[in-house]
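Before any comments, here is the structure.
All of the numbers you see were taken from the coordinates with simple rules; none came from a lab. On a predicted model such as this, the values are computed, not experimentally measured, just so you know. Note: ideal-geometry Cβ built from the backbone for every residue, glycine included; neighbour counts use all protein chains shown.
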């Protein structure tokens, strides 16, 4: 069964691109045939190794089927604000039925941190897609000091996602070395992940060490994010 991985959260700076690019790095290392798609035109530059889909134009169902047909995994990294557009497209075209017909399934990855706004966004997406998808929730610990923290345990968001059988895991925090390296070169983590082979050596090393930790954090999500017929799924399966 093939996988459509939709990374969505209409709250900006929730960690969508960070997760998507880290996951793409893991697939590249393991030789899993995949296609990376972004709906954020700002992501597209000379270092971008994927495709851009403009959600301001009409998205064709054939476009999606073709991408899934040619790959084992399709990563759709939705720009902030595009989750609702995807939801409308999903419902209007009965994507859950289409995926079943082509032996594929959708996993909705909703990166989240401990803020009330992020919890509310997660709840709304869960209500929109309900049991039409599997859910993976990567938790990011870093949020701005001005943002009110909301403990995950016993929150309504936790209850909703537990009911849907969501898989949760903690994304590793950036090391001091990596934070310093990024700041010294005026780079965001997402920018660094798109140009690893062009980074100064000490920045690349720090980023690669962090990516190794991410790979370990994702370990155990195989049945949610990978097709069952891949060797990577067998090595990652619980």
*asked:* Contact order normalised by length for the stretch 160-228, with contacts defined as Cα pairs under 8 Å and 6 or more residues apart; what percent is it?
replied: 41
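Figure the gain on full extension for residue 170 and residue 54 (residue separation times 0.36 nm, minus the Cα-Cα span) and round it to one decimal in nm.
On the way: separation 116, 0.36 × 116 = 41.76 nm, distance 3.10 nm.
This chain segment gains 38.7 nm when fully extended.
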*Taking Cα pairs under 8 Å and at least six residues apart, what relative contact order does the stretch 76-156 come out at, in percent?*
32
*In nm, to one decimal, how far is the modelled label at residue 92 from the one at residue 46, with both set 7 Å along Cα→Cβ?*
3.8
_GNM flexibility winner over the chain from 80, 132, 62 (Cα, springs under 10 Å)_ = 62
*Picking from 151, 138, 172, which is most flexible by a Gaussian network model of the chain using Cα springs under 10 Å?*
151
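If you restrict to DSSP beta bridges whose two residues both lie in the chain, what percentage is antiparallel, to the nearest 5?
Numbers: 1 of 28 bridges.
Here the share of antiparallel DSSP bridges comes out near 5 percent.
Just check the stretch 1-119 against the gyration tensor rule for me: Cα atoms, a ≥ b ≥ c as the square roots of the eigenvalues, rounded for a/c under 1.5, and otherwise prolate or oblate depending on whether a/b exceeds b/c.
Details: a/c = 1.40, a/b = 1.14, b/c = 1.23.
It comes out rounded by the Cα gyration axes.
Note down the relative contact order for the stretch 2-226 as a percent, whole number, built from C-alpha pairs under 8 angstrom at least six residues apart.
On the way: 332 pairs, mean separation 55.8, N = 225.
After rounding, I find 25 percent.
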*What is the gain in length, in nm to one decimal, between residue 217 and residue 177 on full extension, counting 0.36 nm per residue of separation less the C-alpha to C-alpha distance?*
12.4 nm
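Between residue 163 and residue 130, 0.36 nm times their residue separation minus their Cα-Cα distance comes to what? Provide the component values of the computation, followed by the final result.
On the way: separation 33, 0.36 × 33 = 11.88 nm, distance 1.00 nm.
So the extension gain works out to 10.9 nm.
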*What is the fewest-to-most order of 17, 115, 49 by other Cβ atoms lying within 10 Å of their Cβ?*
49, 115, 17
*Could you list, bin by bin from short to long, the percent of Cα-Cα pairs of the chain in 10 Å steps?*
7, 32, 39, 19, 3
*asked:* Between residue 201 and residue 100, what is the label-point separation in nm under the 7 Å Cα-to-beta-carbon projection?
replied: 5.6
*Could you list, bin by bin from short to long, the percent of Cα-Cα pairs of the stretch 22-66 in 10 Å steps?*
23, 47, 29, 2
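First check a/c for the stretch 91-216, with a ≥ b ≥ c the square roots of the eigenvalues of its C-alpha gyration tensor; if it is under 1.5, answer rounded, and if not, answer prolate when a/b is larger than b/c or oblate otherwise. Could the numbers behind the result be given before it?
Details: a/c = 2.65, a/b = 1.54, b/c = 1.72.
Taking the square roots of the gyration eigenvalues as a ≥ b ≥ c, the stretch 91-216 is oblate.
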*Of 116, 92, how do they rank once you tally other Cβ atoms within 10 Å and put the fewest first?*
92, 116
